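For reference, the structure discussed in these notes is given below.
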Amino acid sequence: MSAAGRIDTITEHVFFWNSRKILTMAAQLCKRYKDVQNRIAEAEQEWNQFWETEGMEFRRTDIERWHEDIVKLAQGQCDIANGSDASEFFQVAQKIEGVRSLSGYTTTVNDTMAHLTGTSLLFSEATKHVSDEEKLLLRKAVLLQKFPSLTEEEIFERGQREVADCKQHSLQQEIEATCYSIEVRKVASGKEADSSKRRIKLRNKNIKERKKIEALLDVHRQVSELSSHPEYTCTVQQAEKRTFPWNSDGRMMEATTVLKKKAVDIEMLKKRLAEELPLIKKDMHNYLLYYMDVCDGIESDIEFLTRNYGKDGKLEMRRKGMVHARDQLIKGTIMFRKALKHEWDDLQLELDYYILSENVLTQREDAEEEDKTDENIESEYESEDDNADG
């Protein structure tokens, strides 16, 4: 194939697919509208089934709190031991140890030496932390007064255990969420073709997530040794099977991360689908408005050409364009009225002038009913899409 032939072939394909999009746009909008309606019904059924089975021990009002928990988990936030005095004492004591180790560095190195060695930023940060030592010592003394019956070592150990418990719980949530994400991707990749790029991306993502789980389990094991539940160690095999030891000790008083994420996913799907319906209706409205504007523009051109030039090629092209625009307008009106039903009046469009009369729609509808039903129309476009993808 020559270069010119290649360009002509590509141009013909572009013209064909663009014209196909134009001619089938009304049918595709109706198909999208019906698909979203069906998916909303399925999501609502899944939502009710979830609360009747997995979420029966909890209240539906918990979903807002679960949503906040999932967002915090995604952002890596963790409320350290709910801000208890013992946990704060542990953190202040650790900061004081860090400041004292930095004080040796700030006394041996000055600002000039830091500039010469390219560590001016490190030196300024270290100086800032060292200057906070007095505030930290004062805060430590205030916290000590809140535990008159305990020694400093006992308060430190209690705070360390509380912080470890909180970190352990945070790691458990992240491990559960990561394992659940891997399971979801495995199901999604199974629906893709073997050579699909999306399938390859999902598999590569799962490989990275499995490495992440191994790292999280290693940190979890180290933290568990300092926590109140050192027995809550988990292996990679247990994580892959999602049999976590911290969820196997009787009735759950708090929902697991997987349960929260599943409920939040269903709720967000319902919201997204509910937002998509008005957008499709707006696309239908814009479709009809566009062809109404096209008809107005072509009509003014026809009047001008008829008045000044009489019959010529341009006039015939404009008339042909008017026939096409009105045909698309009538087709869209028929399909949209069937799809929207009682919601058709929400579009609030005056179409009588453009589609001549209600009899035109009735005749077109009767003719189409004789040729094929709505189901045949949908299957026709679905088969065309499948053939095109193939």
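Condition test on His13, is it assigned to a helix (DSSP H, G or I), modelled with pLDDT of 90 or more, of a type outside the set (S, T, N, Q) and out of contact with any Cys (no Cβ under 9 Å at 6 or more places or on another chain)?
Against the criterion (assigned to a helix (DSSP H, G or I), modelled with pLDDT of 90 or more, of a type outside the set (S, T, N, Q) and out of contact with any Cys (no Cβ under 9 Å at 6 or more places or on another chain)), His13 qualifies.
In segment 312-350, which residues are in a helix (DSSP H, G or I), touching a residue at least 60 places away in the same chain (Cβ under 8 Å) and of a type outside the set (Asp, Glu)? Talk me through it step by step, then tell me what you get.
Initially, segment 312-350 is screened for residues in a helix (DSSP H, G or I), giving 313-347.
The next check asks that each one be touching a residue at least 60 places away in the same chain (Cβ under 8 Å); those that pass are 328, 331-332, 335-336, 338-340, 343, 346-347.
Those that are in a helix (DSSP H, G or I), touching a residue at least 60 places away in the same chain (Cβ under 8 Å) and of a type outside the set (Asp, Glu): Gln328, Lys331, Gly332, Met335, Phe336, Lys338, Ala339, Leu340, Leu347.
Among Ala193, Ala274, which is the only one that is small (Gly, Ala, Ser), closer than 30 Å to Ile22 by Cβ, within 24 Å of the chain's Cα centre (by Cα) and at pLDDT 90 or above? Write out each step before concluding.
Working: Ala193 fails: at pLDDT 90 or above.
Answer to the check: Ala274.
Among Glu174, Glu154, Glu183, which is the only one that is more than 25 Å from the chain's Cα centre (by Cα), closer than 29 Å to His220 by Cβ and not in a loop (DSSP other than H, G, I, E, B)? Give the steps one after another, and end with the answer.
On the way: Glu174 fails: more than 25 Å from the chain's Cα centre (by Cα); Glu183 fails: more than 25 Å from the chain's Cα centre (by Cα).
Just one listed residue meets the conditions, Glu154.
Let me confirm something: among Gln37, Gln94, Gln49, which residue is more than 21 Å from Ala274 (Cβ to Cβ), assigned to a helix (DSSP H, G or I) and modelled with pLDDT of 85 or more?
Every option except Gln94 fails the conditions.
Among the residues of segment 345-357, is any at pLDDT 80 or above and among the aromatic types (Phe, Trp, Tyr)? So that I can check it myself, show each step before the final result.
In the first step, residues of segment 345-357 are kept if they are at pLDDT 80 or above; the result is none.
Within segment 345-357 (the criterion being at pLDDT 80 or above and among the aromatic types (Phe, Trp, Tyr)), the answer is no, since none of the residues qualifies.
When both residues are 6+ apart or on different chains and their Cβ atoms are under 6 Å apart, which pairs have a first residue that lies in segment 93-116 and is open to solvent by less than 60 Å² (accessible area, probe 1.4 Å), and a second that is of a type in the set (S, T, N, Q)?
Here the result reads Thr106/Thr127; Ala114/Ser120, each pair linking segment 93-116 to a residue that is of a type in the set (S, T, N, Q).
Just to be sure I understand the filter: pairs with C-beta atoms under 9 Å, separated by 6 or more residues or on different chains, first member in segment 271-300 and free of Cβ contacts under 8 Å to residues at least 12 places away in the same chain and over 23 Å from Gln37 (Cβ atoms), second member of a type in the set (Ser, Thr, Tyr) and surrounded by 14 or more Cβ atoms within 10 Å (Cβ to Cβ). Which pairs pass?
Asp296/Tyr354
The values are calculated or read from the model by the stated rules, or taken from the named source; none is laboratory data. As the structure is a prediction and not an experimental result, all values here were calculated from the model. Positions of Cβ are backbone-derived with ideal geometry, glycine not excepted, and every protein chain shown enters the neighbour counts. All accessible areas refer to the heavy atoms of the entire protein, side chains included, with ligands and DNA or RNA removed. Shrake-Rupley method; radii C 1.70, N 1.55, O 1.52, S 1.80 Å.
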